[in-house]
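Below is one structure; the comments refer to it alone.
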Amino acid sequence: MFRKCLRYLLQRRRVSKVAIRSMSACSTDNLLENSAKEFDWIETIVDGLIISGLAFFGSLGGGSIAGLDIMLALKASTISTGIQFFIYLALRRGIGQTKKILH
């Protein structure tokens, strides 16, 4: 979805009514068009795994810099990865978001 939004914005060469949703910038017109389409689970899960992988390795690196034991760092990284994955899925599905976009 991010690539489609970026391509759409670059083709128009101007950004109008930009809405930031789940760490990607899309035109609100494009968001309304995408909401009418069928939800793509495969793309969402792959994107969620990528974002969660960043959270995993970021937490693991932070734990090692802080001097945590390897098992404690792995536990903390696993917890942050799971939380990040489900938050990403919830945001992509639109859970907790209003249907009307305020200007």
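The values are calculated or read from the model by the stated rules, or taken from the named source; none is laboratory data. Please read all numbers here as calculations on a predicted model, not as lab measurements. Note: ideal-geometry Cβ built from the backbone for every residue, glycine included; neighbour counts use all protein chains shown.
Quick notes on this structure:
- Any chance PHE57 is at pLDDT 65 or above and farther than 24 Å from ILE95 by Cα: yes
- Flag if SER64 is surrounded by 14 or more Cβ atoms within 10 Å (Cβ to Cβ), in a helix (DSSP H, G or I) and modelled with pLDDT of 85 or more: no
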